[in-house]
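Worksheet for the structure shown next.
The values are calculated or read from the model by the stated rules, or taken from the named source; none is laboratory data. None of the values given here were measured: they were computed from a predicted structure. Cβ: placed from backbone, ideal geometry, glycine included. Neighbour counts: every protein chain shown. These accessible areas exclude ligands, DNA and RNA; they are computed on the full protein's heavy atoms, side chains included. Shrake-Rupley method; radii C 1.70, N 1.55, O 1.52, S 1.80 Å.
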Amino acid sequence: MAVLTLFPLLLTAKEISFNRITEGLASNFVSCVTQTEDGFIWVGTKNGLQRYDGMRFRRLLSLGLPGLPVDQLLIAPKSKSLLVRMEHKFFLLNSHTNKTQEIAVEKYSKDFQNYQIRLVQQGQHIFLILHGVDILTLNESKNKFESNKSIVDFPADWEPTWLQYDQNGIFWISGKQGMGHFDTKKRSFFTNSNLSSLKNINRFFIDSKSRFFIHTKIRHSNGHIYLTDANFQHKKIIQSAPNSDSNYHDFYDCFEYDHIVWTYGVDLFNLFDEEKEEFTQFYDRKNIDYGIQITTVSQVFRDRDNNLWVATDNGLYIMSIIGDHVRNIVTSTIFHKAAITDLTSFGSNRILVSSWGEKLTAFKYDSALHISHDPELSILLFKGVPQQDVNFRHIWAMTYDPKRGNIWIGCKDGRLILFNTKTKKSQFLVPKVFEGQSIRHITFDSCGQIWFGTDNGKIIRTSSSGFALLTDLKSAISCIRPGEGNKIWIGTRGSGVFELDGGSGKILKNYKAGNHGLSTSKIQDIEFIGNRFLAIAGYSGLDILNLSNGHIMQYNINNGLPQNMITALVTDNEGLLWMSTTAGICRFDPNKKEFHSFNKQHGLINTSNIVNLPMRGIKLESGKIAFSSDKVILIFDPSKLNNNNAAPKKLHITDFKLFDNYLSVDSLIKAGGVTLENWQNYFSIFYSTLSYNDRDNFKYYYRLEGSEDSWILSDPRLGVRVAALSPGEYVFMIRSENQEGKFSAITRLPITIRPAFYQTWWFFVLIILFILLGIFILHRYRLKRLLEVHRLREKVARDLHDDVGSTLTSIHILSEVAKKDLSDQQHIVQSYLDRIGTNSSQMMQAMDDIVWSIKPDNDLLQKIVARMREHAALILDPLKIQCIFSADDSIRNIKLDMEQRRNLFLIYKEALNNISKYAEATLVDIRIRAGVSHIELVIKDNGKGFDCSQQQSGNGLFNMNQRSKALGAELKISSSIGAGTSISIIMKI
């Protein structure tokens, strides 16, 4: 911060602040700066070209530019491309496509490297000045610098050095022969003896008042700066103020903004003092908090938001001109090494400032915050001070009682000064009640009584008899605030906050650190916010005490407070709480519960050390607020800083980084979004306001629609990184929020991640078709196999029936014939033939069963049941055994395979065979029924039965068990002697 309101010397000057930008800068040696139409700031350094978006620098390496220092940057008038000068080479860079093309130089290509050159932009033309030789004009259509006599012309021996349009459209051209001008309409050059009176002109500058600042120079000299009118009739040499430790300085150029003229160069950065008509240094080069530490200023550039950019050999700076609502007063020349201890408002336009060892002084101010020093009050006030008592010079606290016109001043070791502004006389007091303790705070209540707080915790009040001790709080007093209802609130350095009865001095309450208490008991300041809240400041944050219910709300860095250490509090006329912190000046809105930080760009100093940390604050009678550190007083109008109701500017997407490669954002926007392949799902998006004011006081949020439902807080310096994004349609959205809670318009970028071929719908359809095709092929194959088995079974059944059956039939016939014809040995032959007949008959029956089981037509359970009926009749009817056979209709469509059918029938057949041979039964009950997942066959007889425990052997029962296991069926046989037999088969289907 450069402070210009030091003394009456510069009362009308404006304050100027510098904000250094170096993080990410390729080199601190900055040569030039400009802004393209899309809002980006381009910076040329000794280490190449960079682009700045207000958040981050991006170094562009693949632009086709050589590895040379960048000396100048301009904007081509027609194409709006970036014109880059790198030593004696020139390039046009399209900032949207990042394509470059080199510019040729007509006529001087052979010895061009030996010339001193400079680019100058005037109106719609860019000129290349070959110092003392020629002036060429940029022809963008031909992509070269060429002579163009229709635009600018001069005599052949003029040896031009500089040129500039004036307000009338006249081209002024300087040369070693003097000054002249070229009329573009008449195409004529004019000079005269007055214009040629100044020789060896290096450069010149025409300001808004048509004044000429002319620098003349001969080799190996600093030269002179002349101030003259347009006719060169009134010329005078004006002084400049180079750096104090410089033995050489060089003039580069002048710059004008808001009717202020600067000059800059090597060891030269001055502001033109209109009253003295000379250039003066306007900053403290040695003070990094208030000044700028540089040797060379190469360029001063104004962007579209009226920020002033300063390119120096110590980085890039933003120079802000502060309005008439902020003033900083440095007291070093008044108090010397003594620190400021207190402030108090004195009348409607004065402020008293005390010090530790250098008494006090006063400053006057007006509505425009023009400051003037008023030392007269200090002289009057200390008239008659005891010379032997130096303690009166060491002041801790002050207050002004406007009703009585008294100024009370508390000093070291219990000294007290009472000055009456009406009689202009002081009383120098040493009241015994203070017991030699320094007076740390003084205030007055609504009854006009004066309250004092001492270094050891005593609370003293004026009384009819002088001074009265009300209480001893045993802790140093930091502040006293009279409240409503005759209550007094006191902050202490170690015992928290006390609420006292103003009449008796009785302690009503004591608020300390602890559970549901204060953040700390070491109180720096307290301040009322209206009549409902008490703000309490300490080194651990801000506490807000609700006076109606005693509830305390704590604020710290975790819920919005910029820094935990707070040193002073002031409430403005709008009920907003201002505070000084180790992060600078901050404002708290108790209704919105929001904090707003201010910095050097607002004119409010940044805190860098204890020297410039504001420790005291007051509200002046005019409504303005004053804070003071050890050496500086800050006065500002809070209403000018409060009225910022505009929503933030819309954010711009500045970079899209896919893996390690940057994509052209302009191309993406023109295409309506970005389309990526499925493997291109790791990218970073960077954004900025492209506005370089107050950007740190915004919150930034992003949302990826299609992936995230909520807004996510983001740091624009880091950007937004997206990884492993699934294929689909997304919309990247960003917005910003100011400290008043207002949001910017939403910026959107559609993003499409194409699926891999195996993630597409047609691939899934194709897979389903392949699966269906496979199922169809398997089904066809199965049908084919089933048909083959079906044909085979029919063929086997047919062959067995035809071949084996016919053979057995013939055997049977032959045996019958043999029975009839044989006469000899009839009984023997008869027995053999009987056996042949019996066996062949059994074989035919078994063959019939096999043929029946193989034949596919008999797979239905209905056919099996019919076969069972037939077999039961065949076995039981000859034995005159009654048979009851019942089957459910539900079995009609149940189908069994060949093995299941064969085993089930053989078990059934074995059971009937056993009944016919051994049971001696007269009744057999056969039932078949079907369940949901099984069929059940039950065979019961009323025969003689048997003892199951005694019947362990026999092939019949064994075969039945084996066949039931093959079926996966459950076979149950229950019988007892004289009670018949029951056989149950349960088979799953």
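Taking 0.36 nm per residue of sequence separation and subtracting the Cα-Cα distance, how much length would be gained by fully extending the chain between Leu769 and Lys286, in nm to one decimal?
Fully extending the segment from Leu769 to Lys286 adds 165.8 nm.
Where both residues lie in the chain, what percent of DSSP beta bridges are antiparallel, nearest 5?
The answer is about 95 percent antiparallel.
So how long is each side of the chain along the principal axes, counting just the alpha-carbon atoms, biggest first, in Å?
Computed over the chain, the largest-to-smallest principal extents equal 177, 96, 38 Å.
Once a ≥ b ≥ c are taken as the square roots of the eigenvalues of the Cα gyration tensor of segment 682-754, is the result rounded (a/c under 1.5), prolate (a/b larger than b/c) or oblate (a/b not larger than b/c)?
prolate
Normalising by the residue count of segment 183-229, find the relative contact order in percent from Cα pairs under 8 Å and 6+ residues apart.
26
Using 7 Å Cα-to-Cβ label points, what is the Leu783/Asn893 separation (nm, one decimal)?
2.0
What value in Å³ per residue do you get for the convex hull of the alpha-carbon atoms in segment 634-742?
Working: hull volume 13.7 nm³, N = 109.
Cα-based convex hull of segment 634-742, divided per residue, equals 125 Å³.
Let's test this: bin the Cα-Cα distances of segment 945-989 at 5 Å from zero up to the farthest pair and state each bin's percent.
Going out from 0 Å in 5 Å bins, segment 945-989 shows 5, 21, 26, 25, 15, 7, 2, 0 percent.
In nanometres, what is the gap between the two model label sites at Ser221 and Arg754, each 7 Å from Cα along Cα-to-Cβ?
So the label points at Ser221 and Arg754 sit 7.2 nm apart.
Roughly speaking, what % of Cα-Cα pairs in segment 891-967 are separated by over 19 Å, rounded to a whole number?
43
What list of ³J(HN,Hα) couplings, whole Hz, do you get for segment 458-467 from phi and the Karplus terms 6.51, -1.76, 1.60, once you set θ to phi - 60° and write x for glycine and proline?
Values, residue by residue: 7, 10, 10, 9, 5, 9, 4, 9, x, 9 Hz.
Tell me the mean residue ellipticity at 222 nm calculated for the chain from its helices only (DSSP H runs of n ≥ 4, each -39500 (n - 2.57), averaged over every residue, nearest 500).
Values: 10 runs with 152 residues, N = 989.
Helix-only estimate at 222 nm: -5000 deg cm²/dmol.
Could you tell me what fraction of 2.2 N^0.38 Å the Cα radius of gyration of segment 920-963 comes to, as a two-decimal ratio?
On the way: Rg = 13.6 Å, N = 44, 2.2 N^0.38 = 9.3 Å.
Dividing the Cα Rg of segment 920-963 by 2.2 N^0.38 Å gives 1.46.
Identify, among Ser79, Tyr115, Asn559, the residue whose Cα sits farthest towards the positive end of the charge dipole of the chain, taking +1 on the Cβ of Lys and Arg and -1 on the Cβ of Asp and Glu, with the dipole about the Cα centre.
The residue sitting most towards the positive pole is Asn559.
Please work out whether segment 309-453 counts as rounded, prolate or oblate from its C-alpha gyration tensor, where a ≥ b ≥ c are the square roots of the eigenvalues and a/c under 1.5 means rounded, while otherwise a/b larger than b/c means prolate and anything else oblate?
Because a/c hits 1.5 or more and a/b exceeds b/c, segment 309-453 counts as prolate.
Count charges around Gly54 for me, please; just the other residues with Cβ under 14 Å from its Cβ, Lys/Arg as +1, Asp/Glu as -1.
-1
Which whole-angstrom value gives the distance between the alpha carbon centres of segment 335-414 and segment 938-989?
124
Using amide H atoms built 1.01 Å from N in the peptide plane, name the residues 5+ places from Cys479, or on other chains, whose amide H lies under 5 Å from its own.
For Cys479, the qualifying residues are Gly491.
Mind ordering 18-30, 544-556 by average Cβ neighbours within 10 Å, highest first?
Details: 18-30: 17.6, 544-556: 14.4.
My ranking of the peptides, most packed first, is 18-30, 544-556.
Taking the dipole about the Cα centre of the chain, with the C-beta of Lys and Arg at +1 and of Asp and Glu at -1, give me whichever of Leu676, Val105, Gly741 is farthest to the positive side.
Final value for the positive-end residue is Gly741.
If you take the square roots of the eigenvalues of the alpha-carbon gyration tensor of segment 537-628 and sort them as a ≥ b ≥ c, do you get rounded (a/c under 1.5), prolate (a/b over b/c) or oblate?
Cα axes put segment 537-628 in the oblate bin.
Could you work out how much longer the chain between Ser193 and Gln293 gets when fully extended? Use 0.36 nm per residue separation minus the Cα distance between them, nm to one decimal. Walk me through the numbers before you get to the answer.
Details: separation 100, 0.36 × 100 = 36.00 nm, distance 4.29 nm.
Separation in residues times 0.36 nm, less the Cα-Cα distance, equals 31.7 nm.
Which value results when the Cα radius of gyration for segment 426-580 is divided by 2.2 N^0.38 Å?
Details: Rg = 15.6 Å, N = 155, 2.2 N^0.38 = 15.0 Å.
Normalised Rg, Cα atoms only: 1.05.
Based on the mean of other beta carbon atoms within 10 Å per residue, what is the order of 126-136, 689-699, most packed first?
Details: 126-136: 20.3, 689-699: 18.5.
Result, highest mean Cβ count within 10 Å first: 126-136, 689-699.
In what sequence, highest mean first, do 775-783, 392-400, 881-889, 156-164 appear when ranked by Cβ atoms within 10 angstrom?
392-400, 156-164, 881-889, 775-783
May I ask you to give the average projected area over all directions of the convex hull of the Cα atoms of segment 185-316, in nm² rounded to one decimal?
Averaging across all directions leaves 10.3 nm² for the Cα convex hull.
Let me spell out the model: positive unit charges on the Cβ of Lys and Arg, negative unit charges on the Cβ of Asp and Glu, origin at the Cα centre of the chain. What dipole size does that give, in debye rounded to 20?
Dipole size: approximately 880 debye.
Please give the net charge around Glu102, taking every other residue with its beta carbon less than 12 angstrom from that of Glu102, where Lys and Arg add +1 and Asp and Glu add -1.
+4
At 1.4 Å probe size, with the rest of the protein present, what percent of the exposed accessible area of the chain is carbon and sulfur atoms?
50
I need the calculated FRET efficiency for the pair Lys209 and Gln124, taking r as the beta carbon distance and R₀ as 30 Å, to the nearest 0.05. Please list the in-between numbers first.
Values: r = 24 Å, r/R0 = 0.81.
That gives a FRET efficiency of 0.80.
Glu705 to Glu274: extension gain in nm, 0.36 nm per residue of separation minus the Cα-Cα distance?
149.4 nm
Taking N as the number of residues in segment 230-307, what is its Cα Rg relative to 2.2 N^0.38 Å? Before the final figure, lay out each step's value.
On the way: Rg = 13.6 Å, N = 78, 2.2 N^0.38 = 11.5 Å.
Dividing the Cα radius of gyration by 2.2 N^0.38 Å gives 1.18.
How much area per residue is accessible in the chain when the probe is 1.4 Å and only protein heavy atoms are counted (Å²)?
Accessible area per residue, the chain: 48 Å².
Please give the net charge around Thr675, taking every other residue with its beta carbon less than 14 angstrom from that of Thr675, where Lys and Arg add +1 and Asp and Glu add -1.
Net charge around Thr675: 0.
Taking the Cα-to-Cβ direction at Gln387 and at Ser348 and moving 7 Å from each Cα, how far apart do the two end points lie in nm?
4.1
Treating cross-link reach as a plain straight distance, find the lysines whose alpha-carbon is under 27 Å from the alpha-carbon of Lys186, omitting any fewer than eight places away in the same chain.
List returned: Lys78, Lys107, Lys142, Lys144, Lys149, Lys176, Lys199, Lys209.
How large is ³J(HN,Hα) for each residue in segment 99-114, as worked out from phi by the Karplus curve 6.51 cos²θ - 1.76 cosθ + 1.60 (θ = phi - 60°), to whole Hz, x for Gly and Pro?
So the J values, rounded to whole Hz, are 9, 10, 9, 7, 9, 7, 10, 6, 5, 10, 5, 5, 10, 4, 5, 8.
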